[in-house]
Every structure is written in C-alpha cells, then in structure tokens.
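*Asks:* One structure coming up, written as structure tokens, with questions to follow.
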Amino acid sequence: MSDKVYDVIIVGGGPAGLSAALVLGRCRRSVLICDSGQSRNAWSVSLNGYLTREGIHPKEFLAIGRRELEPYGVEWKHTEIVSSVCRGDGLFEIATIEGESLTSKKLILATGLQDYWPEMPGARAFYGTSIHHCPYCDGWESRDKPLVAYGLGRVAVGLSMSLKTWSPDVTLCTDGTNRLTREDREKLERNGIKVRTEKITRAKGTESQLEHLVFNGGEELPCQAMFFSMASVQRSDLPQQLNCEFTAKGVVKSDNKQRTHVSGLYMAGDADRDAQQVIIAAAEGTKAAISINQELQNESYK
Ligand SMILES: Cc1cc2nc3c(=O)[nH]c(=O)nc-3n(C[C@H](O)[C@H](O)[C@H](O)COP(=O)(O)OP(=O)(O)OC[C@H]3O[C@@H](n4cnc5c(N)ncnc54)[C@H](O)[C@@H]3O)c2cc1C
C-alpha cells in the first residue's frame, strides 16, 4: 500500500472524470484518475451536440481531454477499481483489481452507466451506427428516414412520439409483446405512428447501415435507423459499496453541488441524476471539482 494520500481520486476517465480532473489540476490539487476504458458511447462513431466538437469521434474526444491534463500533473492509472470504503479517519481507500490500495481525501465517482442493447440476430453490426439509444445524439443524422422505435411492452410509446420530431415515418415495434393500451393505440394512430407487435427475427442491412427488420413469418420492414428504449444500469457497484442513495431510475442521488449524502464523496456524469449527455457530464465534473476545491480550502483555513 502506498503512503501517498491524494487530494482527490476520480474513478472514471470519461467526460465527467476528465473535466473534474482538469479543474482540480488547475487548482493545484494532487489528482489520480483510475479508468477501466469502457465508456458508454464506445459503440458510437460520432459525438454530437457538444459545442465546438460536433461530430468528433468519441475516442478522439477522450484523447484530447487526456492531453489537456498533461500540464497539470494529473496522474492516470488504467485499472478497474473493485472496492472502496470511507475509513473512520474520513479518508477514502480504494483497491484496484490488481490488489493495489490507494488513498484520498475526497472521492469522485464518474463511473457512468451501461446500456442493454436489442439483441435480435444481426443487430450488433448496426450498434452505434444505425441502432441508437438517444434521438438527441443521433436523430439529426436520421432525419426524414424510415425510423423504428423499439421497446418491449409500452416502454417505447413515448420514444416513438419523440421520433416524429426527426421523421414523419415512424413505426413502433414491440418485438412479440402486445401490451399497448387502447389509449396508446389511439394516440399513436392520431400521430401517424405505425405499430408492429410481431417478433423480430433479424436485423438486415449493408455493412453498418440497417436496412430492414425481418418479422416472424418473413415480412421485411424498411428501416434506416432504429432507436431503442431499454434499461441502463450502473457501470460500477462502487456507489452501492459506499452506501449511496439511489433514485427510482437507478441513478445516484446527489445535490446541486454533486455531493452525495456520504461526506467527501461526489458523483458526476451519467451515474447520478438523469440528463445523460457528454456536455452535461463534463459540466457536472466541473461542478464537483469546484465544490471539492472549496471544501478543501475550508478545511485548510486556520
Ligand atoms: C451509443 C451511444 C451514443 C451516444 N452518443 C452521444 C452523443 O452523440 N452526444 C452526447 O452528448 N452523448 C452521447 N451519448 C451519451 C454519453 O455517452 C454519456 O452521456 C457520457 O459518456 C457520460 O459520460 P460519463 O463520464 O458520465 O461516463 P462514461 O463516458 O461512461 O465514462 C465512465 C468511465 O468510468 C469507467 N469506470 C466505470 N467503473 C469503473 C471502475 N470500477 N474502475 C475504473 N473505471 C471505471 C469506465 O471504464 C468509463 O471509462 C451516447 C451514449 C451511447 C450509449
């Protein structure tokens, strides 16, 4: 075990963690980022909606973020953190998967979420290129094309309505489930949304471009992009280990300064609250960093 006590350890080197590290590094804090390299948008080929970086490859965005930390002495460890405790003396002790123990005064969890993706045969080739989870991220590129909103039961009714912002041609597919209410069906019909409840047996297309969904029985539905509504879960169980409180949506509760109810423990990015966009994750990282710096300043005053 190293004797070094970092001012701040950040678990997660995505947009939230990098942004927190940039501000804390500029505040001359000793900072270590631990990251296992599994960003949420790793399937994607372009990051949209981030002012000044429109359309950049997500890997390039992260590489720029890491480069920008270089002048500030921020340390980086490529590892997975498997355990974390808040000790009696108020310090945080975390352990890497390799068994190394690391200590800090404050801890930021910027560990993100992971998504369940539709798993019909053939779908994987289109993940992140023509199968998407967020119309704000990829709706523009799919404008005016035949679109599918995918979700079991009733979960994608709202998504299908939302997709009308980007295309007049929207079909709701419930993949072998039939739990739409009469009100749902009437609303969908009023808004020109087609409904298919049959089981989907295959996603078909050319290279990374989805072109058809094939239903049980063989009929093919033309479709240039599919958006899905499925669960996402915490990427890491560290918030649970540290007894964080969760919202009903499974994200960690934090206040408007990114503080959890555990003293010295901060959250940033998709793992807490609910707006899940890169620019918001980065902003939350900045907020957490400023709160922590102020807390460290207050603790140092005599
Ligand atoms: C397919 C797809 C496309 C998207 N496109 C866009 C887009 O165009 N525009 C946009 O604004 N948003 C987009 N998003 C949303 C965006 O990906 C997230 O809002 C953003 O990545 C959140 O940043 P984050 O830092 O909170 O988490 P992440 O980017 O997920 O980073 C979390 C990091 O923490 C690490 N980590 C987790 N647990 C541990 C652990 N125990 N030990 C060490 N490291 C750990 C992970 O390896 C990961 O590197 C997209 C999402 C998906 C799924």
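*Asks:* Tell me which strands (runs of 3 or more DSSP E) are completely within the range 87-197 and hold 3 or more residues being within 25 Å of the chain's Cα centre (by Cα) and under 30 Å from Gly13 (Cβ atoms), or say none if there are none.
*Replies:* 92-96, 101-109, 113-115
*Asks:* Looking only at residues that are within 20 Å of Asp237 (Cβ to Cβ) and touching a residue at least 40 places away in the same chain (Cβ under 8 Å) in the range 273-287, which one is farthest from the chain's Cα centre (by Cα)?
*Replies:* Here the residue is Ala281.
*Asks:* Just to confirm my filter: which strands (runs of 3 or more DSSP E) fall fully inside the range 218-273 and include at least 2 residues that are of a type outside the set (Val, Ile, Thr) and touching a Ser or Thr at 6+ places or on another chain (Cβ under 9 Å)?
*Replies:* Correct list: 225-228, 265-267.
*Asks:* Can you tell me how many residues within the range 1-57 are assigned to a strand (DSSP E or B) and within 13 Å of the ligand (Cβ to nearest atom)?
*Replies:* 9
*Asks:* What do you reckon, is Ser208 small (Gly, Ala, Ser) and within 12 Å of the ligand (Cβ to nearest atom)?
*Replies:* no
*Asks:* So Asp3 fits all but one of (1) free of Cβ contacts under 8 Å to residues at least 40 places away in the same chain; (2) surrounded by 24 or more Cβ atoms within 10 Å (Cβ to Cβ); what number is the exception?
*Replies:* Tallying (1) free of Cβ contacts under 8 Å to residues at least 40 places away in the same chain; (2) surrounded by 24 or more Cβ atoms within 10 Å (Cβ to Cβ), Asp3 fails exactly one: (2).
*Asks:* Further question: Given the structure, is Lys287 part of a loop (DSSP other than H, G, I, E, B), away from the ligand (no atom under 12 Å from the Cβ) and not assigned by TED's automatic domain parsing to the domain that holds Arg196?
*Replies:* no
*Asks:* Between Arg87, Arg154, which is modelled with pLDDT of 95 or more, farther than 21 Å from Ser208 by Cβ and more than 16 Å from the ligand (Cβ to nearest atom)?
*Replies:* Checking each option against the conditions leaves just Arg154.
*Asks:* Can you pull out every residue in the range 30-55 that is over 23 Å from Val233 (Cα atoms), surrounded by fewer than 22 Cβ atoms within 10 Å (Cβ to Cβ), touching a residue at least 40 places away in the same chain (Cβ under 8 Å) and touching a strand residue (DSSP E or B) at 6+ places or on another chain (Cβ under 9 Å)?
*Replies:* Once the filter is applied, which keeps residues that are over 23 Å from Val233 (Cα atoms), surrounded by fewer than 22 Cβ atoms within 10 Å (Cβ to Cβ), touching a residue at least 40 places away in the same chain (Cβ under 8 Å) and touching a strand residue (DSSP E or B) at 6+ places or on another chain (Cβ under 9 Å), the range 30-55 yields Ser30, Leu32, Tyr50.
*Asks:* Quick test for you: out of Glu284, Glu299, pick the one residue that is of a type outside the set (A, V, I, L, M, F, W, C) and either in contact with a strand residue (DSSP E or B) (Cβ under 6 Å, 6 or more places away or on another chain) or surrounded by 20 or more Cβ atoms within 10 Å (Cβ to Cβ) (or both).
*Replies:* Among Glu284, Glu299, only Glu284 is of a type outside the set (A, V, I, L, M, F, W, C) and either in contact with a strand residue (DSSP E or B) (Cβ under 6 Å, 6 or more places away or on another chain) or surrounded by 20 or more Cβ atoms within 10 Å (Cβ to Cβ) (or both).
*Asks:* Turning to a different aspect of this structure: Run Trp76 past the list (1) surrounded by 18 or more Cβ atoms within 10 Å (Cβ to Cβ); (2) more than 7 Å from the ligand (Cβ to nearest atom) and report the number of the one that doesn't hold.
*Replies:* Of the numbered conditions (1) surrounded by 18 or more Cβ atoms within 10 Å (Cβ to Cβ); (2) more than 7 Å from the ligand (Cβ to nearest atom), the odd one out for Trp76 is (1).
*Asks:* With respect to the numbered conditions (1) surrounded by 14 or more Cβ atoms within 10 Å (Cβ to Cβ); (2) farther than 15 Å from Pro118 by Cα; (3) outside the structural domain of Glu93 (by TED's automatic domain parsing), which one is the sole condition not fulfilled by Ser208?
*Replies:* Only one criterion is unmet by Ser208, namely (1).
*Asks:* Restricting the range 109-128 to residues that are under 19 Å from Leu163 (Cα atoms) and touching a helix residue (DSSP H, G or I) at 6+ places or on another chain (Cβ under 8 Å), which is farthest from the ligand (Cβ to nearest atom)?
*Replies:* Top of the filtered list is Trp117.
*Asks:* Out of the residues in the range 60-73 meeting the condition of being more than 11 Å from the ligand (Cβ to nearest atom) and either closer than 19 Å to Asp270 by Cα or of a type in the set (D, E, K, R) (or both), tell me which one is farthest from the chain's Cα centre (by Cα).
*Replies:* Glu70
*Asks:* Further question: Quick one: which residue in Leu159, Leu102, Leu172, Leu180 is at pLDDT 95 or above and in the same structural domain as Gly250 (by TED's automatic domain parsing)?
*Replies:* Numbers: Leu159 fails: in the same structural domain as Gly250 (by TED's automatic domain parsing); Leu172 fails: in the same structural domain as Gly250 (by TED's automatic domain parsing); Leu180 fails: in the same structural domain as Gly250 (by TED's automatic domain parsing).
Within the list Leu159, Leu102, Leu172, Leu180, the selection yields Leu102.
The values are calculated or read from the model by the stated rules, or taken from the named source; none is laboratory data. Since the model is a prediction, treat every value here as computed from it, not as a measurement. Using ideal geometry, Cβ is built from the backbone for each residue, glycine included, and neighbour counts are taken over all protein chains shown.
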